[in-house]
Amino acid sequence: MIPMLDLRVQYEALRPRLETAMMEAMAATQFILGPNVQAFEDEAAAHLGAGQAVSCASGTDALHLALAALDVGPGDEVITTPFTFIATAEAIRYVGATPVFVDIDAETFNMDPAAVEAAITPRTRALLPVHLFGQPADMARLTELAHNRDLLIVEDCAQSFGAGAAGGMTGTIGNAGCFSFFPSKNLGCFGDGGLVTTNDDALAERLRVLRNHGQTRRYHHEFIGYNSRLDELQAVVLRHKLPYIDQYNRERRRVADRYDARLADLSVTPPHRDNKGTHVFHQYTILSDHRDAISAALRAAEIGNAIYYPVPLHLQPAFRSAVSEHDLSRTEHVAGRCLSLPMYPELDDERIDTVCDVIRGTLDA
Ligand SMILES: *Cc1c(COP(=O)(O)O)cnc(C)c1O
């Protein structure tokens, strides 16, 4: 049995110190916006090279709060990718704006800047790129487009903690970067958690107020906000994992390198690295015309595998009314052929080879 993801090894390694720290945090009884939350925000900002980091309850909320704090709302169009987890575009809907889906680059699976440029209208307010599977989107070109047209950029960094792009780490290039600490992400906690990074102090202040009921001082509310805070106990977990994130990401790249080497002579397309930034391999995703046969063979061999994402957002009933007139054929082509293989920092060579042998056997059959 080879799982898609194994969280136990990391937990066991951190366990003694982590359990002590969690007990201490419990005994301190400062459960909401306590000292560990504050410390984690400072440490995360320093690690990422961001001016400020404001934590919240989830990655979905990070996107929602960032768009709300930037005053994106009804009448505004936000250009994004349909090849992502639904939360990316849900957040656009939460603030009453309109998601405009544009096609992806067939190799990187990230939003294609040429398609973005073609989709800009007078109503466009923001670009919402996703650094999909851990590979930074083409931020140099997106930033140029945004500057020329006075557009905002909100980065969806849910899969890219620690990935570098031209101009800095993902999350520090646009107006705001939105991170998720869902347990399966590269940096995950023991439940839900999220973070918004920004270099804009006024925006950070607005985010801090928004995540806490619009409260500027105790029981004084400037505007309607939300209850969206990171738990103190989750902050303890994240403070213990943050010092290892670069190592975890390096190990993910090691796993990817070995998959690349072992799959090189097979008729599958390994993930393309555009080398414009550092890929942190949240997922290792191949393309194959025989995707379903490979998936079935892996499942029969008790090897985890998953399709991220089988149905692009523009084909989801939930986005029925957002249907874009833009050509999304590359997205649909990729969605029909993509398959993600087991990926986690502790995945050893022997297991990687077993996965590749099963794929080889399927294609030879
Ligand atoms: C996981 C994820 C989110 C949402 O994060 P949650 O913490 O689960 O709310 C948003 N966007 C992408 C691309 C994701 O992978």
- [ ] Considering only segment 334-352, state which residues are under 17 Å from residue 6 (Cα atoms) and either assigned to a loop (DSSP other than H, G, I, E, B) or open to solvent by less than 30 Å² (accessible area, probe 1.4 Å) (or both).
- [x] 340, 341, 342, 343, 344, 345, 346, 347, 348, 352
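Conditions (1) touching a residue at least 24 places away in the same chain (Cβ under 8 Å); (2) on the phi < 0 side of the Ramachandran plot, marked per residue:
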site	(1), (2)
196	yes, yes
211	yes, yes
242	yes, yes
270	no, yes
275	no, no
284	yes, yes
295	yes, yes
298	yes, yes
Open item on the list: Can you say whether residue 115 is within 16 Å of the ligand (Cβ to nearest atom) and outside any strand (DSSP E or B), as far as the supplied structure shows?
Closed with: no
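Which one is farthest from the ligand (Cβ to nearest atom), of the residues in segment 150-188 that are without any contact (Cβ under 8 Å) to a residue 60 or more places away in the chain and assigned to a loop (DSSP other than H, G, I, E, B)?
150
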Task: Qualifying residues in segment 134-149 (those that are in a helix (DSSP H, G or I) and open to solvent by less than 10 Å² (accessible area, probe 1.4 Å)) - the one nearest to the ligand (Cβ to nearest atom) - done: 134
- [ ] Go through segment 11-42 and count every residue that is surrounded by fewer than 17 Cβ atoms within 10 Å (Cβ to Cβ) and in a helix (DSSP H, G or I).
- [x] 18
Open item on the list: If I go through segment 165-199 residue by residue, how many of them are surrounded by 19 or more Cβ atoms within 10 Å (Cβ to Cβ) and at pLDDT below 95?
Closed with: 1
Open item on the list: If I ask for residues that are away from the ligand (no atom under 11 Å from the Cβ), within 19 Å of residue 33 (Cα to Cα) and not in a strand (DSSP E or B), which ones from segment 189-200 would you list?
Closed with: 190
- [ ] Exactly one condition in (1) closer than 19 Å to residue 170 by Cβ; (2) within 16 Å of the ligand (Cβ to nearest atom); (3) open to solvent by less than 10 Å² (accessible area, probe 1.4 Å) is not met by residue 58; state its number.
- [x] (3)
Task: Qualifying residue in segment 213-221 (condition: open to solvent by less than 50 Å² (accessible area, probe 1.4 Å) and within 16 Å of the ligand (Cβ to nearest atom)) - done: no
TODO: From (1) within 15 Å of the ligand (Cβ to nearest atom); (2) of a type outside the set (S, T, N, Q); (3) in a loop (DSSP other than H, G, I, E, B), pick out the condition that doesn't hold for residue 237.
DONE: (3)
Task: Qualifying position, being open to solvent by 10 Å² or more (accessible area, probe 1.4 Å), under 23 Å from residue 360 (Cβ atoms), out of contact with any helix residue (DSSP H, G or I) (no Cβ under 6 Å at 6 or more places or on another chain) and assigned to a helix (DSSP H, G or I), among 254, 262 - done: 254
Open item on the list: I'd like to know if segment 70-91 contains one or more residues that are outside any loop (DSSP other than H, G, I, E, B), surrounded by fewer than 24 Cβ atoms within 10 Å (Cβ to Cβ), within 16 Å of the ligand (Cβ to nearest atom) and modelled with pLDDT of 95 or more.
Closed with: yes
- [ ] Could you give me the residue pairs with C-beta distances under 8 Å whose first residue belongs to segment 27-55 and is closer than 16 Å to residue 211 by Cα, whose second residue is loosely packed, with under 14 Cβ neighbours inside 10 Å wherever it lies, and which are 6+ apart or on separate chains?
- [x] 34/28; 52/201; 53/42
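Could you list all residues from segment 227-251 that are touching a His at 6+ places or on another chain (Cβ under 7 Å) and surrounded by 15 or more Cβ atoms within 10 Å (Cβ to Cβ)? Let's see the steps before the verdict.
Start the filter on segment 227-251 by keeping residues that are touching a His at 6+ places or on another chain (Cβ under 7 Å), which leaves 227, 242.
Result: 242, single match.
The values are calculated or read from the model by the stated rules, or taken from the named source; none is laboratory data. Small disclaimer: the values here were computed from a predicted structure and weren't measured. Don't worry about glycine lacking a Cβ; one is built from the backbone with ideal geometry, like all the others, and counts go over all protein chains shown. Heavy atoms of the whole protein, side chains included, go into the accessibility calculation; ligands, DNA and RNA do not. Shrake-Rupley method; radii C 1.70, N 1.55, O 1.52, S 1.80 Å.
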